[in-house]
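The values are calculated or read from the model by the stated rules, or taken from the named source; none is laboratory data. Being a predicted model, the structure only gives us computed values, none of them experimental. Neighbour counts run over all protein chains shown; Cβ positions are idealised from the backbone, glycine included.
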Amino acid sequence: MPLEIGSVVDRRYLLKREIARGGAGAVFEAEHLYTKRSVALKLLVPEQRSAPEPRARLLREALALSAARHPGVVSALDAGEMDDGTPYLVLELLEGRSLEGILAVRRRLGSSEVAWLGVAICDALSAAHSRGIIHRDIKPSNVFVARDEQGREVVKLFDFGVAKVATESNKLTQSGALLGTPEYMAPEQLLARDVDARVDVYALGVTLYECLAGAVPFEGNFGEVLLKVATQPLPPLLSKVSELSAELAAAVERALAREPEERFADAQAFSLALRKAAPAGAPISLLGIRQGPPPLPLRPGERFSRPGAAPSLPEPAAMPSTRRKFPRAPYVTPVRISHGDTVLEGRSEDVSTGGLLVLAPQSFEQEAFVKVRFALPTTGKVVVVDATARWVKAARATGAVGLQFTSLPEDAREIIERYVTMMGGQ
């Protein structure tokens, strides 16, 4: 079965638009034909459907998500097989932005934001670890900032494709031991040794370090990172972020200890250290859109939501009084940018009637005239429009480009405007 918009998977799920695509799989927004619920449907691309490892990863993810139930973990709603026997996975549809996209634009986050993110991820990891699930691939691209039903911002972990699941055979869990991004992998994971939940503590430490410093501690391929971790001291956070509190720096650096025994014993202990080190005051909105009602009052001295609850971002003390010329809202979809003979494949992070914020593996000169191909929100209709690069930012692993439409069909403008309004865009 081809991966085409308008196709029906397993006689139940209508594919409406593509959300993301990787080397092995693709994610679509789909609609259940009977309940009309919008979901995210993940399945293998045709050339990978007969390969055993991609199939095993998808099935592993379904198993891991079913076991790791928590508000901070993307929910698995269904799973099944297509007519040709290819497995698929149905997930809750999230609207928001990846942490990778947020960092590509902002590069660094404030201490309050980083502490909030860390506590939220720790809580989700604690729940997963208690059920025998080790993620093994924590990094900014697998962290998503979304909104809950009350409109408050929450953190969601996803992509459990290389997770270690306690109920699986060693052969299956070990097959993905060296899959991942080396900069976020613990030394014992890089050495393909048996691992425990402390590899997730280490990966989260790298992620928070990057959020604070604007760079990971060690860059390179598997061998280069392993050599640096084994022979070089960790670059102190305070040398990169002088205004950072010593308590928060110490908490993140302890998570990055070379030896597992020197790290926090578990994610819960890391969470407690982050809560104690969190600066006073509420963080701003990471999504930059209108918030829902404020969270419930906290107990005296409590900085974040209570243990067991999904941490949500508090209502900002004061949102900016000025509104953008073109209100925007988070929106993720593949984007193809054509600039002369150069064609870049990227993905959007937000959309407005004025343009798109796009992440791409490389950038081009500012003010360049380009053609942009993307799917419109809600309808999935693919359009090609002219745009200019208003601004370009280089990042470690990708680039962020602010595209301004120079032409936009009226029907496309109306669709985007309705979507942004529905999403509470600012």
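Overview of results
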read-out: Tally of residues being within 13 Å of Pro87 (Cβ to Cβ) and either in a strand (DSSP E or B) or without any contact (Cβ under 8 Å) to a residue 12 or more places away in the chain (or both) across the range 14-50; value: 6
read-out: So Ser75, is it in contact with a His (Cβ under 9 Å, 6 or more places away or on another chain) and either among the aromatic types (Phe, Trp, Tyr) or surrounded by fewer than 21 Cβ atoms within 10 Å (Cβ to Cβ) (or both); value: no
read-out: Residue that is nearest to the chain's Cα centre (by Cα) [pool: residues in the range 20-60 that are closer than 20 Å to Val382 by Cβ and acidic (Asp, Glu)]; value: Glu29
read-out: Meets criteria (farther than 30 Å from Leu244 by Cβ, crowded, with 19+ Cβ neighbours inside 10 Å, touching a residue at least 40 places away in the same chain (Cβ under 8 Å) and not acidic (Asp, Glu)) for Leu125; value: no
read-out: Residues of the range 338-386 classified as more than 18 Å from Pro409 (Cα to Cα) and either in the same structural domain as Arg106 (by TED's automatic domain parsing) or in contact (Cβ under 8 Å) with a residue 24 or more places away in the chain (or both), total; value: 18
read-out: Out of Ala51, Ala62, sole residue that is over 17 Å from Phe144 (Cβ atoms) and crowded, with 17+ Cβ neighbours inside 10 Å; value: Ala62
read-out: Selected residue [surrounded by fewer than 22 Cβ atoms within 10 Å (Cβ to Cβ), touching a helix residue (DSSP H, G or I) at 6+ places or on another chain (Cβ under 8 Å), modelled with pLDDT under 90 and under 20 Å from Gly151 (Cα atoms)] from Ala329, Ala282; value: Ala282
read-out: Tabulated pairs, the range 272-293, first on the phi > 0 side of the Ramachandran plot and outside the structural domain of Leu244 (by TED's automatic domain parsing), second in a loop (DSSP other than H, G, I, E, B) and at pLDDT 70 or above, C-beta under 8 angstrom, 6+ apart or interchain; value: Gly288/Arg328
read-out: Output for the range 214-236, where each listed residue is out of contact with any Asp or Glu (no Cβ under 8 Å at 6 or more places or on another chain), without any contact (Cβ under 8 Å) to a residue 40 or more places away in the chain and among the small types (Gly, Ala, Ser); value: Gly223
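Residues checked against (1) in a loop (DSSP other than H, G, I, E, B); (2) surrounded by fewer than 23 Cβ atoms within 10 Å (Cβ to Cβ); (3) at pLDDT below 90:
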| residue | (1), (2), (3) |
| --- | --- |
| Arg55 | no, yes, yes |
| His70 | yes, yes, no |
| Ala79 | no, yes, no |
| Gly85 | yes, yes, yes |
| Ala104 | no, no, yes |
| Leu117 | no, no, no |
